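**Q** Here's a structure for you.
Just so you know, all these numbers are worked out from the coordinates, no wet-lab data involved. Computed from a prediction, not measured in an experiment: that's the story for all the values here. We place every Cβ from the backbone using ideal geometry, glycine too, and count neighbours over all the protein chains shown.
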Amino acid sequence: MKQPTIANKKVTRYILQRFGIHMSKRLGQNFLIDANIVQGIVDAANVQENDRVLEIGPGIGTLTQALAETGAEVTCVELDKRLPEVLAHTLDAYDNVRVIQGDILKVNIPEIMGDKPFKVVANLPYYITTPIIMALLEKHLPITDIVVMVQKEVAERICAKKGKERSVLTLAVEYYGTGEYLFTIPKEFFNPVPKIDSGFISIKFYNDRRYEKLIPENIFFKYVKAAFSNKRKNIANNLSTLGISKDEVKKKLEILGISPNERAENLKIEQFIKLAECFEEN
């Protein structure tokens, strides 16, 4: 029997009223209400039958339903203690969905997902987007793809190839994989309507761990984080926060052919790797 599509304004309103749910601003809850957008997300994520998918923050099951319809094995982690009861109702027809109540930054992901490859598909809460993505990148999990909705400006920062939008998060994504901005989701497709549009992005992990082979992540991020520590300052001033004299910083930058007045956002990942190697030399 065909299940009612949750990604519908009337169905969403009915579910919220039936269970007495009021959206939490604190948890950044905004639910998609357009079935075409939801299907577009699943298609863009290329979720297939028997794929293993981790969904973060399923809410009332809007995206979860579309993921389950593909025949994938879907594991959801939901922070809001009110919602597992709702999900048990909205996803009752699907035996390929598992819901775990907990904080994605605290749950043991290897324990719940095992050691086989899986994808992450989610509508991430705006207030905790960066910590979640960084945790997924740094934990060395068997993730093949991260395909997520985030605030549009964050999506643009993550995928920026040059310019002031680049950040530590941009370099982190480039260190582990390739980020791509897929499409924009207008704010009107959410309930309640947020203040800004969302961007849908994908992060595909490198199979060859190309940059991890060149330089350890702790060394790489030591210099990347220092270089971006104050976006108003140039790279020489920021690197000196590591306890290195400004004269020594300028000498090293000169060797690398980088102006002391350069900004961190203008350096490519390869330049950061050479910079870290140079500064680590005695």
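**Q** Which of rounded, prolate or oblate describes segment 213-280 when judged by the alpha-carbon gyration tensor and an a/c cut-off of 1.5?
**A** rounded
**Q** As a test of understanding, state the convex hull volume per residue of the chain from its alpha carbons, in Å³. Spell out each step's value before the answer.
**A** Numbers: hull volume 37.6 nm³, N = 282.
So the per-residue hull volume is 133 Å³.
**Q** Separate question: Evaluate the Debye formula for segment 31-123 with equal point scatterers sitting on the alpha carbons, no solvent, and hand back log10 of I(q)/I(0) at q = 0.12, 0.20 Å⁻¹, in q order, two decimals.
**A** -0.32, -0.94
**Q** Just check segment 99-237 against the gyration tensor rule for me: Cα atoms, a ≥ b ≥ c as the square roots of the eigenvalues, rounded for a/c under 1.5, and otherwise prolate or oblate depending on whether a/b exceeds b/c.
**A** oblate
**Q** Evaluate E = 1/(1 + (r/R0)^6) for Glu212 and Glu69, where r is the Cβ-Cβ distance and R0 equals 45 Å; express this FRET efficiency to the nearest 0.05. It would help to have the intermediate numbers written out before the result.
**A** Working: r = 36 Å, r/R0 = 0.80.
According to the calculation, E is roughly 0.80.
**Q** Pop the C-beta distance of Lys161 and Lys250 into the FRET formula with R0 = 25 Å and round what comes out to the nearest 0.05.
**A** 0.35
**Q** Counting Lys and Arg as +1 and Asp and Glu as -1, what is the net charge of the other residues whose Cβ lies under 12 Å from the Cβ of Glu217?
**A** Working: positive: Lys139, Arg209, Lys213, Lys222, Lys225; negative: Glu138, Glu212.
Result for the local shell: +3.
**Q** Return the FRET efficiency for the residue pair Tyr181, Glu262: r is the Cβ-Cβ distance, R0 is 30 Å, and the value is rounded to the nearest 0.05. Working shown, then result.
**A** Values: r = 25 Å, r/R0 = 0.85.
Efficiency computed from Cβ-Cβ geometry: 0.75.
**Q** Grab the Cα-Cα distance for Thr144 and Ile112, subtract it from 0.36 nm times how many residues apart they are, and report the gain in nm with one decimal.
**A** The span from Thr144 to Ile112 would gain 9.9 nm if fully extended.
**Q** Please give the length that would be gained between Lys204 and Asp92 if that part of the chain were fully extended, namely 0.36 nm times their separation in residues minus their C-alpha to C-alpha distance (nm, one decimal).
**A** Gain in length upon complete extension: 37.1 nm.
**Q** Another one. Can you give the extra length, in nm with one decimal, that the chain gains between Glu85 and Ile269 once fully stretched, where that is 0.36 nm per residue apart less the Cα-Cα distance?
**A** Computed gain between Glu85 and Ile269 is 61.7 nm.
**Q** For the chain, give the share of DSSP beta bridges that are antiparallel, in percent and rounded to the nearest 5; count only bridges with both residues there.
**A** 45 percent
**Q** What's the center-to-center distance, using Cα atoms, between segment 161-190 and segment 35-72 in Å?
**A** 21 Å
**Q** Below 17 Å Cα-Cα, how many Lys pairs turn up in segment 113-217? Only count pairs eight or more apart in sequence, or on different chains, if you could.
**A** So the count works out to 13.
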